[in-house]
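Enquirer: One structure, pasted below without further comment.
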Amino acid sequence: MSNTKSISYSIQPASPEAHIFRVEMRVPKPSLKGQVFTLPAWIPGSYMIRDFAKNIVTLSAACGDDPLPVGKLDKQTWQCAPCEGELVISYEVYAWDLSVRSAHLDITHGYFNGTSVFLRPVGLEGLGCQVEIKCPEGPAYEQWRVATSLQRSGAKPHGFGVYRADNYEDLIDHPVEMGTYNLLDFKAAGVKHEVAITGRHCVDGERLCRDLEAICSYQAGLFAESLPIDRYLFQVMVTGDGYGGLEHCYSTSLICKRDDLPQPGMEKITDDYRQFLGLCSHEYFHLWNVKRIRPQRFLEADLSHEVHTGLLWAFEGITSYYDDLSLVRSGCVDVESYLELLAQNITRVLRGSGRLKQSVTESSFDTWTKFYKQDENAPNAIVSYYGKGAMIALALDLTIRLGTDGEKSLDDLMRALWQRYGKTGKGVPEEGIEQLAEEISGLHLQGFFNMALRGTQDPPLEPLLQSVGVGYALRPATGSEDKGGLRKVNGNAEPLRPVLGARINGAGGQPRLAAVFDGGAAQQAGLSAGDLIVAVDGIQATAKNLEKLVAAIPAETEVPVHAFRRDELMQFILRPLPPPEDTCELWLLDASDKKQQANHRRWLHLSN
Ligand code: ZN
């Protein structure tokens, strides 16, 4: 039953075969001028205009039992004629996007974010909401159940039925999964955490829960208080090759590939599982950093259009720094494994010359049109506020440790951000993080921030890492598979080999240039992104042999390269160049420097 103080929704997977949710919104006391209602253009955490309203297929309004005229004000906003009784809006939503950002429905499962399915009654968004989640009709769906962090309001645990939310903002922060998922649970910091895994998979649930518990407990302890939540849900969608996650206050939605999950009997940690734990760790850290410690600009966001902040380097970059750091501090990976991840992240950043043109503050601000809309020129034009942001977080952490003789660190800054902004619900002003960093450390950090955040220089990682007992060096890549990592003991130095200076897309076996790097050999020869390479020096090129063909060209030699641009065969003269020194390797310095060793252990939380 609807009451007069809350908005009631019901959502029914009306036609799983046609991917249609049928939704009803009941507004007990609509505006007498004609109620306006709208659907968000974007979802918090994913900074791109997605125009979710385009998936509304039909929509109609009624006042009590009488049909009511309704008109459209813009791409996502409607207004109906004045209505003195209860207003009922009925609509159908097409749900066929298998991502963590929107909605998906078929005969195997249903998933939705509130931003895709729940209209916002303008002016009434502060009212509480009731949501009845209905099961699809038919015997095929009798085993389905519900996994969501929405508060239950009559529904049984994991049951269909009525749930509630405090207001519209709360309503759209609890994605809902329905189907026959695999359910695991564990306790961390005294709070029940659930893991609902959908899609064909095989998992060592005990191991997964043990590792997640270690990560969640570590992060809860980092903020030095009890968890600000009474429940948490990891919603995992398993596919053949997916990857992604989106953070919420009480849950996270993740997509991973089948191989990412730990298999029964698997003892070691695979690269894929390590990456999956890193993703879980990342989204869980957001429970504080961005969901509760929030940029002031986001507090005012009504999701109808872009909201700009220069702070994503902190909300995504610091989170990216802590995601892998949490793995080593919680004991899920060893120090060597962590240094490998760190070196790979640094390498990814150094391989884009766009970092020399765009600062992380600019990257944050322009994420809507640049980071989220990357084209073939992205490596030359932009920097990732995730990767470079994580590099800056590392540099900031080590700078504070060095400057305060180990008394303070980035951990103290995170705790201070939580105390000042997260707990109080106040938004973080654009200059808030820099000010607080100086305040908690007592250091003058403006020079650092100007360089790191508003400049395009690389942070001085070599001396900073040395202060915590880690060696840092750059070298040329040994091949396209070389992502950087730990320095190999007795590793033979590979001879310098010429490279093309381009990223290759080998789908279909034919090498197509996906991106051409500024100043590289391909660009100098006039080759462009999209070109299909046919032959190098008269030898047929394939996705498999192209790198070798180029590497075999003697230094200072020019060779013809044939390529299709569109449907035209063209000849280019290529003079390959030596590979740039853009590959980071890290190693543990010898243990003789006691101070370095003490810093090292304190940084990574190692006990002896
Ligand atoms: Zn994130």
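The values are calculated or read from the model by the stated rules, or taken from the named source; none is laboratory data. All values reported here derive from a predicted model rather than from experimental measurement. Using ideal geometry, Cβ is built from the backbone for each residue, glycine included, and neighbour counts are taken over all protein chains shown. We work out accessible area using only protein heavy atoms, side chains counted, and drop any ligands, DNA or RNA first. Shrake-Rupley method; radii C 1.70, N 1.55, O 1.52, S 1.80 Å.
Enquirer: Can you give the three extents of the C-alpha atoms in the chain along their principal axes, from longest to shortest, in whole Å?
Expert: That works out to 82, 64, 50 Å along the principal axes.
Enquirer: While we're looking at this one, here's another question. Using Cα pairs under 8 angstrom and six or more residues apart, how large is the relative contact order of the chain, in percent? Before the final figure, lay out the partial values.
Expert: On the way: 1301 pairs, mean separation 58.6, N = 608.
RCO, the chain: 10 percent.
Enquirer: What pairs in K72/K134; K483/K548; K134/K257; K29/K156; K192/K426 have C-alpha atoms more than 22 Å from each other? Walk me through the intermediate numbers first.
Expert: Values: K72/K134 28 Å; K483/K548 18 Å; K134/K257 29 Å; K29/K156 29 Å; K192/K426 28 Å.
The answer is K72/K134; K134/K257; K29/K156; K192/K426.
Enquirer: At 222 nm, what value in deg cm²/dmol follows for the chain if DSSP H runs of at least 4 each add -39500 (n - 2.57) and the sum is divided by all its residues, to the nearest 500?
Expert: Using -39500 (n - 2.57) per qualifying helix, the result is -7000 deg cm²/dmol.
Enquirer: State to the nearest 20 debye the size of the charge dipole of the stretch 413-565 about its Cα centre, where the only charges are +1 on K and R beta carbons and -1 on D and E beta carbons.
Expert: 560 debye
Enquirer: State to the nearest 20 debye the size of the charge dipole of the chain about its Cα centre, where the only charges are +1 on K and R beta carbons and -1 on D and E beta carbons.
Expert: Values: 61 positive and 77 negative charges, 84 e Å.
About 400 debye.
Enquirer: How large is ³J(HN,Hα) for each residue in the stretch 472-489, as worked out from phi by the Karplus curve 6.51 cos²θ - 1.76 cosθ + 1.60 (θ = phi - 60°), to whole Hz, x for Gly and Pro?
Expert: So the J values, rounded to whole Hz, are 9, 8, 10, 8, x, 5, 8, x, 5, 7, 6, 9, x, x, 6, 5, 7, 5.
Enquirer: Once you charge only the Cβ atoms, +1 for Lys and Arg and -1 for Asp and Glu, what is the size of the charge dipole of the stretch 502-578 about its Cα centre, to the nearest 20 debye?
Expert: Here the size comes out at about 240 debye.
Enquirer: For a quick check of understanding: with a 1.4 angstrom probe and all protein chains in place, what accessible area in square angstrom does E462 have, to the nearest ten?
Expert: Surface accessible to solvent at E462 totals approximately 100 Å².
Enquirer: Just to confirm a number: summing +1 for Lys and Arg and -1 for Asp and Glu over residues other than T239 whose beta-carbon lies under 12 angstrom from that of T239, what do you get? If you can, show how the numbers build up before the last one.
Expert: Working: positive: R200, K257, R258; negative: D241, D259, D260.
Net of charged neighbours comes to 0.
Enquirer: Taking θ as phi - 60°, what are the ³J(HN,Hα) couplings along the stretch 436-453 by the Karplus curve (6.51, -1.76, 1.60), each to the nearest whole Hz, with x for Gly and Pro?
Expert: Karplus-based 3J(HN,Hα) across the stretch 436-453 equals 5, 4, 5, 4, 6, 9, x, 9, 8, 10, 4, x, 4, 5, 4, 5, 7, 8 Hz.
Enquirer: Please work out how much length the chain gains when fully extended from E300 to N167, using 0.36 nm per residue of separation minus the C-alpha to C-alpha distance, in nm with one decimal. If you can, show how the numbers build up before the last one.
Expert: Details: separation 133, 0.36 × 133 = 47.88 nm, distance 1.51 nm.
Value of the extension gain: 46.4 nm.
Enquirer: List the relative contact order of the stretch 502-578 as a percent without decimals, with contacts defined as Cα pairs under 8 Å and 6+ residues apart. Show your work: numbers first, answer last.
Expert: Working: 154 pairs, mean separation 21.9, N = 77.
Averaging sequence separation for qualifying contacts and normalising by length gives 28 percent for the stretch 502-578.
Enquirer: Would you please give the residues with an amide H less than 5 Å from that of I504, counting only those at least 5 places away or on a separate chain, with H modeled from the backbone geometry?
Expert: Amide H neighbours of I504: A514.
Enquirer: Express in nm, to one decimal, how much length is gained between K357 and D230 on full extension, taking 0.36 nm for each residue of separation and deducting their alpha carbon distance.
Expert: Details: separation 127, 0.36 × 127 = 45.72 nm, distance 4.43 nm.
Value of the extension gain: 41.3 nm.
Enquirer: Probe radius 1.4 Å, ligands and nucleic acids left out: which of V499, V195 has the largest accessible area, and how do the rest follow?
Expert: Of V499, V195, the descending order of accessible area is V499, V195.
Enquirer: If you don't mind, there's one more thing I want to ask. Please give the peptides 176-186, 430-440 ranked by average Cβ packing (other Cβ atoms within 10 Å per residue), highest first, as a rough proxy for protection. Intermediate results must be reported in sequence, preceding the final value.
Expert: Details: 176-186: 19.1, 430-440: 17.4.
Ranking the peptides 176-186, 430-440 by packing returns 176-186, 430-440.
Enquirer: Taking Cα centroids, how far is the stretch 433-499 from the stretch 23-87 in Å?
Expert: 51 Å
Enquirer: What shape does the stretch 502-578 take by its C-alpha gyration tensor, where a ≥ b ≥ c are the square roots of the eigenvalues and a/c under 1.5 counts as rounded, a/b above b/c as prolate, and the rest as oblate?
Expert: Cα axes put the stretch 502-578 in the rounded bin.
Enquirer: Spin-label point model (7 Å from Cα, Cβ direction): what's the E581 to W96 distance in nm?
Expert: In this crude label model, E581 to W96 measures out at 5.4 nm.
Enquirer: What is the set of long-range amide H partners of S330 at a cut-off below 5 Å, with H atoms built 1.01 Å from backbone N?
Expert: Long-range HN contacts for S330: none found.
Enquirer: Also, I was wondering about something else. Which value in Å is the Kirkwood Rh of the stretch 189-271 over different Cα pairs? Write out the running numbers ahead of the final one.
Expert: Working: mean 1/r = 0.0724 Å⁻¹.
Averaging 1/r across every pair of different Cα atoms and inverting gives 13.8 Å.
Enquirer: For A473, what residues show an amide H to amide H distance below 5 Å, using hydrogens built from the backbone and excluding near sequence neighbours?
Expert: Residues meeting the amide H criterion: E585.
Enquirer: Can you give me the distance in nm between label points at L569 and R200, each placed 7 Å from the Cα along the Cα-to-Cβ direction?
Expert: Reported label-point gap for L569 and R200 is 4.3 nm.
Enquirer: Pop out the ³J(HN,Hα) list for the stretch 546-559 in order, Karplus 6.51 cos²θ - 1.76 cosθ + 1.60 with θ = phi - 60°, rounded to Hz; leave Gly and Pro as x.
Expert: Couplings: 4, 4, 5, 4, 6, 5, 7, 6, x, 4, 6, 9, 9, 10 Hz.
Enquirer: Moving on to the next point. Could you order M237, M414, M570 so the one with the most accessible surface comes first? Probe is 1.4 Å. Intermediate values should be presented prior to the final figure.
Expert: Working: M237 30, M414 0, M570 60 Å².
Correct descending sequence by accessible area is M570, M237, M414.
Enquirer: Quick one: length gained pulling T270 to S592 fully straight, 0.36 nm per residue minus the C-alpha distance?
Expert: 112.7 nm
Enquirer: For T557 and Q446, FRET efficiency with R0 = 51 Å and r from the beta-carbon atoms, rounded to 0.05?
Expert: Efficiency for this residue pair is about 0.50.
Enquirer: What's the ranking of 133-142, 443-452 by average number of surrounding C-beta atoms within 10 Å, highest first?
Expert: Values: 133-142: 13.9, 443-452: 15.8.
Listed from highest to lowest mean packing, they are 443-452, 133-142.
Enquirer: Note down the net charge around A155, summing +1 for each Lys or Arg and -1 for each Asp or Glu among other residues with Cβ under 11 Å from its Cβ.
Expert: Numbers: positive: K134, R145, R152, K156, R164; negative: E132.
Neighbourhood net charge equals +4.
Enquirer: Quickly rank 590-596, 112-118 as a protection proxy: mean count of other C-beta atoms within 10 Å, highest first.
Expert: Ranking, from highest mean packing down: 112-118, 590-596.
Enquirer: To the nearest 10 degrees, how steep is helix 387-403 against the longest Cα principal axis of the chain, on a 0 to 90 scale?
Expert: Roughly 70 degrees, rounded to the nearest 10.
Enquirer: Round to the nearest 0.05 the FRET efficiency obtained for T542 and Y372 when R0 = 35 Å and r is the Cβ-Cβ distance.
Expert: It comes out at approximately 0.60.
Enquirer: Could you put E206, E340 in order of accessible surface area, largest first, with the 1.4 Å probe and the full protein assembly present?
Expert: So the residues, ranked largest to smallest area, are E206, E340.
Enquirer: At a Förster radius of 30 Å, what calculated FRET efficiency corresponds to the Cβ-Cβ distance of I49 and Y243, to the nearest 0.05?
Expert: On the way: r = 22 Å, r/R0 = 0.75.
Result of the calculation: an efficiency of 0.85.
Enquirer: Moving on. Report, please, the projected area of the stretch 6-177 averaged over directions, based on the convex hull of its C-alpha atoms, in nm².
Expert: Averaged projected area of the stretch 6-177's Cα convex hull equals 9.5 nm².
Enquirer: Please compute the per residue accessible area over the chain with all protein chains in place, 1.4 Å probe, rounded to a whole number of Å². Please list the in-between numbers first.
Expert: Details: 26330 Å² over 608 residues.
Here the residues of the chain average 43 Å² of exposed surface.
Enquirer: Remind me, relative contact order of the stretch 316-385 in percent, using alpha carbon pairs under 8 angstrom and six or more residues apart?
Expert: About 33 percent, as a whole number.
Enquirer: I'd like the distance separating the alpha-carbon centroids of the stretch 303-344 and the stretch 529-605, in whole Å.
Expert: Between the Cα centre of the stretch 303-344 and that of the stretch 529-605, the gap is 26 Å.
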